[in-house]
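The values are calculated or read from the model by the stated rules, or taken from the named source; none is laboratory data. Please read all numbers here as calculations on a predicted model, not as lab measurements. No Cβ is skipped: glycine too gets one built from the backbone with ideal geometry, and neighbour counts run over all protein chains shown.
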Amino acid sequence: MVDSNILDIPKSYKAMVRKSKEIGFTMPSDIYIGTFLKTLVASKPGGDFLELGTGIGLSLAWMLDGMNTESLLTSVDNDEKLIAIAEEYFGRDTRLRLICADGAQWIKNNSDRKFDLIFADAWPGKYSEIDEILDMVNVGGFYIIDDMVAQPNWPNGHHENVSRLVDYLEKKENFTLTKMNWSTGLIIAVRNK
């Protein structure tokens with residue numbers, strides 16, 4: 001098996017990678033995480049999904065590619081310029097709600113919502129508001145975080161944040177957790193009650 005032989009790349013993906021380089025966006029999502037997210041959302045037909053940290057929309061492209069016509073995806077980022085780029089690529093997709101807002105505030109304002117998959121790729125929902133975001137995962141739903149192994153763009157001391165988060169998640173009795181030393185480092189948790 002050659003995991004780098006990825007045949008089902010979303011149509012917009014290559015143009016988006018070029019755009020990332022053009023604007024100097026230094027936090028693009030990894031292609032392997034994208035394929036993984038596509039597979040997971042495909043397992044939930046008619047699902048309601050949340051992405052925290054739209055960025056330029058690379059993970060978004062994969063998720064939309066895996067969703068069926070009845071699924072919905074909400075993607076939140078606090079950067080107007082990045083949301084505008086994502087709008088250029090995906091603004092006509094009726095399955096998508098792009099929201100420019102502070103992630104922490106959005107989580108607090110929407111704490112009554114439940115999702116079948118949450119991809120937390122931003123500080124809120126990953127390192128802050130963790131209890132609130134975990135409460136938003138449906139039973140049988142996925143909570144996904146990446147960048148759990150050291151990355152070149154990590155600030156000094158960030159490994160301590162990661163260690164605290166992993167320790168905390170390992171103690172959650174209402175989630176079944178798998179840590180994967182693959183791609184950029186991945187944690188997948190499924191709410192079991």
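The set of residues from the stretch 83-101 being among the small types (Gly, Ala, Ser) and outside any loop (DSSP other than H, G, I, E, B) comprises ALA84, ALA86. Of all residues in the stretch 102-111, those that are in contact with an Asp or Glu (Cβ under 8 Å, 6 or more places away or on another chain) and part of a helix (DSSP H, G or I) total 4.
For beta carbons closer than 8 Å, sequence separation of 6+ or different chains, a first residue in the stretch 155-169 that is within 12 Å of TYR127 (Cβ to Cβ) and a second that is β-branched (Val, Ile, Thr) and modelled with pLDDT of 95 or more, the qualifying pairs are LEU165/ILE130; LEU165/ILE145; VAL166/ILE187; TYR168/ILE130; LEU169/ILE187. All conditions in (1) in contact (Cβ under 8 Å) with a residue 12 or more places away in the chain; (2) among the aliphatic types (A, V, I, L, M); (3) farther than 15 Å from LYS14 by Cα hold for ALA84, with the sole exception of (1). In the stretch 131-173, of all residues being of a type in the set (Lys, Arg) and surrounded by fewer than 16 Cβ atoms within 10 Å (Cβ to Cβ), the one that is farthest from the chain's Cα centre (by Cα) corresponds to LYS171. Of the set (1) touching a helix residue (DSSP H, G or I) at 6+ places or on another chain (Cβ under 6 Å); (2) closer than 22 Å to LEU60 by Cα, all apply to GLU132 but (2). Kindly indicate the residue of the stretch 1-41 that is modelled with pLDDT under 90 and β-branched (Val, Ile, Thr) and also surrounded by the fewest Cβ atoms within 10 Å (Cβ to Cβ) among those meeting that condition. If we take residues in the stretch 1-41 being modelled with pLDDT under 90 and β-branched (Val, Ile, Thr), then VAL2 is surrounded by the fewest Cβ atoms within 10 Å (Cβ to Cβ). Considering only residues in the stretch 109-130 that are among the aromatic types (Phe, Trp, Tyr) and under 20 Å from LYS38 (Cα atoms), the one that is farthest from the chain's Cα centre (by Cα) turns out to be PHE115.
With (1) outside any strand (DSSP E or B); (2) surrounded by 13 or more Cβ atoms within 10 Å (Cβ to Cβ); (3) free of Cβ contacts under 8 Å to residues at least 24 places away in the same chain; (4) hydrophobic (A, V, I, L, M, F, W, C) as the list, and LEU177 as the residue in question, which single condition is left unmet? LEU177 satisfies all of (1) outside any strand (DSSP E or B); (2) surrounded by 13 or more Cβ atoms within 10 Å (Cβ to Cβ); (3) free of Cβ contacts under 8 Å to residues at least 24 places away in the same chain; (4) hydrophobic (A, V, I, L, M, F, W, C) except (1).
Taking the stretch 125-167 as the range and being in a helix (DSSP H, G or I), over 27 Å from GLY47 (Cα atoms) and not basic (Lys, Arg) as the test, the residues that pass are HIS158, HIS159, GLU160, ASN161, VAL162, SER163, ASP167. One residue stands out in the stretch 1-41 among those that are among the small types (Gly, Ala, Ser) and over 16 Å from the mean Cα position of the chain (by Cα): the one that is nearest to TYR89 (Cα to Cα), namely SER12. Scanning the stretch 42-60 for residues that are of a type in the set (A, V, I, L, M) and buried (at least 24 other Cβ atoms within 10 Å of the Cβ) yields LEU50, LEU52, ILE56, LEU58, LEU60.
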